[in-house]
Every structure is written in C-alpha cells, then in structure tokens.
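This report concerns only the one structure given below.
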2 protein chains.
Amino acid sequence: LSPAAKDVESQLTDAAKGDRVALARLLSTVERGGEAARALAALAYREPPPYSIGITGAPGAGKSTLTDRLITTVRAGWPAEGEGDVEPVHQVAVLAVDPSSPFSGGAILGDRVRMQDHATDPSVFIRSMATRGHLGGLALAVPDAVRVLGAVGVPLAIVETVGVGQMEVEVASATDTTVVVVTPGWGDSMQANKAGLLEVADIFVINKADRPGAREARRDLEQMLDLSSVSSLPRDGWRPPVVETVASDGAGVDRLWVEIARHRGHLVAGGVLERARAGRLEQELRRVLVARLLHRVEEIGAGDDYREALQAVVEGRLDPYGASERLLAPVLPPAPPPGGRAGGS
Amino acid sequence: LSPAAKDVESQLTDAAKGDRVALARLLSTVERGGEAARALAALAYREPPPYSIGITGAPGAGKSTLTDRLITTVRAGWPAEGEGDVEPVHQVAVLAVDPSSPFSGGAILGDRVRMQDHATDPSVFIRSMATRGHLGGLALAVPDAVRVLGAVGVPLAIVETVGVGQMEVEVASATDTTVVVVTPGWGDSMQANKAGLLEVADIFVINKADRPGAREARRDLEQMLDLSSVSSLPRDGWRPPVVETVASDGAGVDRLWVEIARHRGHLVAGGVLERARAGRLEQELRRVLVARLLHRVEEIGAGDDYREALQAVVEGRLDPYGASERLLAPVLPPAPPPGGRAGGS
C-alpha cells in the first residue's frame, strides 16, 4: 500500500467509528483529487452506497430550510405508512454543493448557518462542497463523496445544490430520489429549465405553498406530468407526486418524507434501484474516461511537440488532422485502413 | 498515394479549372469524413484560405435574402472607398449551414430557392451543408470546406447559418469577418444570446430597418458596444459598426460590403488577420484532438473489456477510476507517481 492509501484507510476506519474530523478529511481528499482520492475511491466503491436524496431548485426556493427540516424528520426513521414500523436512520449527511463557490469544508455558506441547529447532533454531518482539483469536477467528486459516506456507514445522504444550472441539476439527479423544489410563480422564472427539471424529478415540492399562486403552480406541474406520461418518459411506472410545503414552519415536510420513502419502496420493489445505480455507475465510468482523455489533450497542448505541430499547421506544411495524428501517435493506434469511417477526418 | 488521395487530387485540379461538379463532390467528401476527407484536408490546408465572411442571426432575420443581395454586390469587387480602385471578386461561394438538417448538397432549403437567381452565374457557387459522418461535426467540417474552397482558388467564401444556436454561432464566427444580423425588436427574442453574439460580432446588421423599432435596436446595440469597450473585449481596436439594411429591396447592402472591406483592411493592416487565423487553426487542432479521443471512448465503450470492467464496478469489485485505468492502459501512460495532481481521480 502507498502512504496515501494507508492514510485514507486509517481515516476510513476512524470515520466509521464516528470520528467526524476524519470524515471531513476524507471529503477534502475527494475534492482535491489526485493519488489519495484515487486510493480512497478504490476502497469506497467496494462498500454499498447510502440511500441518496438530491434536492435542487432555483435559488431562493427555500431548499436549505427544507433540508434543515427534513433532517429533523428523517432522524425519526423511515416512515412505514399504516404499519407503524419505524427503523431509525442513525446518521444523515448533507452535502451542500455550490459549483460557483471556491469555498468548501468549513466555509459558512449564507443560510448554511441555519443548519448549525444540527451542529451539536453527532448523528448529523453537514458539509459544503465546491470545485477543487478533482478531475472531472463536481459531477464526479459528488458521487465519490456519497460513496465515501456509504463506506463509513452513513445510511442516508442528502445532496443539495444551490441552483438549477446544468451542472447542479446533473449533480442533484445523480441520486436515488431527486426532489425538485419550486415556489408559487416558478413557471415564469424557470421557463427554460422546465423540461430538464421534469426529466429528473422523482418528487416535486411546491415550497412556500402558503403564498398566492400555489394552486396554479400545482396545476401547472400536474399538466406537465400529464403530458410527459403521454410521451412516456422512462419512469418505470412512477408518477412524480407534487408535495406542498411551508419549510419555514415545517408544514408538509412529513408528507415529503413519506413520498421519499414511497419512492424508495417503488425502486426497491421493482429492482429499479439496482438498475438505476448500475446506469449511474456507467455514466460515471464514461465521465472518468472522457475526463482522463481530455486531460491528456491538455497535457499534449502544453508540450513542445504541440507547439511545433501547430506552427507547421499555421505555415501550411501540415493540416490539423495530420498534426493530431502525429501528436496522438504515442497514445492512439494509427488511423484505420482506407475506407474506414472512423478515420482521421 | 492511396486511391482516395488520387481521386481528391484530380477533383481538386478539375474544380480549380471551374468544374462545379468536381467542387460539389469535394464538399460531399468533406461532409462524409473518413479517409478521403483526410487526404483532401492534407492537400487543402497547404493552400491559402479564401477571405471568409460568417453570417449568423435568429431565424427570420432575413439572412438568406441579405446573403443573396450581398452576392450581387460582392461580384462588383472589393470597394476602395474614395479611391475608385475596384478589384473584381471573380468567384464567390456560399456555404449555407443547418446543423439540424440531415439534408445537404442538392437539397432545397426553404428560401435557399431565392438564391437560384444566381444558379446560372458560373462565378457563384451555393451549397448547403449539414452534419454527416465528419468526426467533430460541423465545427470541423465547415472550416475544412472553406479551406477546400481556397484550395480550388475561390477568393471569397460566405458561411451562413440558419440560427443562433451555440454550434451555429461557433461555425459562423470561425471566419475572418463575422456579421450578426438582428431585426427591430430583436432584444426580446435573443436576450439569452446577447452576450455571446456581442463577443463574436465584427459587424452588426439591423435588417428590416424600415420597420418600427430600428432606432431602439441601434441604441440598444450601441449601448452594449459602449459597455463592452469599457470591459475591453479583445477586439484589437475594432469597434463593430452597426449597419441598417432592408435586404428585400437591397437598401444598405452596399454599406455592409464597405464595412466588411473596412474590417478586412483593419485585419490586414495590423497583422491581426494572420494572428486570428493562427488562433483559429489552434482551435481546430484542439477540436480534432478532442474529437479523436472522444471517438476512442466510444470505441472503448463498445468493447467486451468495457462490459467486463463495468460489471466489476457494478458488483463493487472495482471503482470507476480503476476501471478507467484498466481500459485506457493500452492507450495512455500509467497514472503519475503518488502526490501528482494529474492523477487518476
């Protein structure tokens, strides 16, 4: 074992015993990328993942407050509607993801302060994540972090993003249950993203449902869902429910938790959970492949051979395809025989 | 020389003598990609490029009509304002690019019909281009096609795109002079793209300037340009002029041609043209590198090794980084030593 691998192995052992500092270090290692993160991933992906919930929605929709309330609700355990069988969730971890922020770890992110309510609860772990050195960025770092949480025995992970940018929706939807939070009047502000959000949502929340326009927002969502079920999105028979909440006073949050549990039951019962997780792992693998190859292009672009080849192209002695072949010769097999479509052009 | 290379070489000779069928075949070769396109690029990039003009703008802005009028104006030669020195443009080629269309070549694209006015003029060559098999898509196929035009002696190429999608703006802006066409009232419809268009425009045209709102459109554009000169876009001292046209009756098109000539003079005088072309060639080279490596990921993803590695990841025997390393081992050097940031994570 390399020194880096030994370090992460002992940190994993400590974190599994409840050492929060060790867990925080592990997540910093994920963010930083590099050899230690590589060693950590090799260990973390051997263990089963936690159940993961993604929460996304426009800034100001009240996601943090909702997450805050949800933590309290979640701690009472998975609801078993009508059966009274409550299995406690002994730990919950929240990853608050902000692609635009250079801060992470100990940084206090605006209304993250609110979550400090849970700061003294040893069963709640809250952590913000931002882009650092991880190859492939947050789209790979966050799934890795979720696997680390699983590897240290955390049974439930909530991934919350600050907004609905492409990266944020991607990150939040790479979870078992994706919750999209809207507010009354959301239609106007998120017009452009509607289709994308519809595609990823397993559950819709209309937060601030005590404000005017909640009824219209629900009608709007239900109509969208009617249309999408006609066009048969690959939903495995699940129609995303619409839950109304007022996160500021906690109204509706129990209902949200029940719907999350219902969605989990749906996934587990039909074998959908396994298939969906396998599909996400394939996406991750492809992302890693692309990231490593793009990284290689960057390395190539920084070399002397590249400068020379580019100069030859600029001077008309070589075309870009010939230059590419020359530069990639050490790392890619030669161009296919004449007639092949996979060729250099 | 391979048979494919011999074919394209003789077609280049024929096209240079004015054989339009040979030229059409060469452009089809570019679109198709593969070995013949590769051989063609190797020859075409040896010759100097034509002067290229990109025309982009929202659908319905009147780009085709404008291009149609511009062809007539251009045929009178480059304007030499105040000097009366007119050098004829003996040939002009138009590439009408539609990323969403599967049609190309002989296909009649809506108002392309109008351009049939020039169909009998041997000095005008009009051709639509769409995505086919070219690795890297239109972003590489169009620059290749422009170089082919240069290689057969066409001195002026106009690249017109149907809309202002990301790919279309990219394609139209990979030219010496980029013309962005707007209409009165454009601000509302293109809000999201304004910044991107401002960045690429060398000349703004307000077409349909006889309609209400032309003055507001100009004020809007000039304000944007004022702001951008404060933020000092890398414009080499060029402030994009705003030209008003009514393409349907030809008003203002002479002025547009004068501004294109003025921009060309600016580029040539300061050595900017050479630098800009070198920069575009570097972009092309990077695109080719990325396209070839992504193509490699696709090939990998279609293989048995990939299926096996993915299965190992799904079963928790391997992590995505380990799987990636295994799959890339034949084509990429092993991971850097411990501590390196460029590592596998």
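The values are calculated or read from the model by the stated rules, or taken from the named source; none is laboratory data. These figures come from a predicted structure and were not determined experimentally. Positions of Cβ are generated from backbone atoms using ideal geometry, with glycine treated the same way; all protein chains shown enter the neighbour counts. Quick note on the areas: whole protein, heavy atoms, side chains included, nothing else; ligands and nucleic acids left out. Shrake-Rupley method; radii C 1.70, N 1.55, O 1.52, S 1.80 Å.
Some observations on this one:
- Rotation relating A and B, chain B residue nearest the axis via C-beta, angstrom: B:Leu293, 2
- Heavy-atom SASA rank of B:Thr178, B:Thr13 (probe 1.4 Å, accessible area, largest first): B:Thr13, B:Thr178
- Pairwise burial A:B, computed as accessible area of each alone minus the pair, summed, 1.4 Å, Å²: 5700
- The phi-based Karplus calculation (6.51 cos²θ - 1.76 cosθ + 1.60; θ = phi - 60°) puts the 3J(HN,Hα) values of segment B:20-33 at 6, 5, 4, 5, 4, 5, 4, 5, 5, 4, 4, 4, 5, x Hz, whole numbers, x for Gly and Pro.
- Other-copy label distances relative to B:Leu1, 7 angstrom Cα-Cβ extension, nm: 6.5
- Taking a straight line from the alpha carbon of A:Lys194, these lysines sit under 28 Å away, with near neighbours fewer than eight places off in the same chain left out: A:Lys63, A:Lys208, B:Lys194.
- Placing a label point 7 Å from the Cα of A:Arg326 along the Cα-to-Cβ direction, the distances to the matching points in the other copies come to 3.8 nm, shortest first.
- Whole-Hz ³J(HN,Hα) from phi, Karplus 6.51 cos²θ - 1.76 cosθ + 1.60, for segment B:284-297, glycine and proline x: 4, 4, 5, 4, 5, 4, 4, 4, 5, 6, 5, 4, 4, 4
- Of the listed residues B:Met224, A:Met167, the order by accessible area with a 1.4 Å probe, largest first, is A:Met167, B:Met224.
- About the centre of its Cα atoms, segment B:251-293 shows a dipole size close to 160 debye [charges on the beta carbon of Lys, Arg (+1) and Asp, Glu (-1) only; nearest 20 debye].
- Label spacing, shortest first and in nm, from B:Glu282 to its equivalents in the remaining copies (7 angstrom along Cα→Cβ): 3.9
- Coil-residue GluC sites (Glu not before Pro) of segment B:3-100, DSSP, other Cβ within 10 Å capped at 11: B:Glu81, B:Glu83
- Whole-Hz Karplus values for segment A:218-224 come out as 5, 4, 4, 5, 5, 5, 4 Hz, taken residue by residue from phi with 6.51 cos²θ - 1.76 cosθ + 1.60 and θ = phi - 60°; glycine and proline positions read x.
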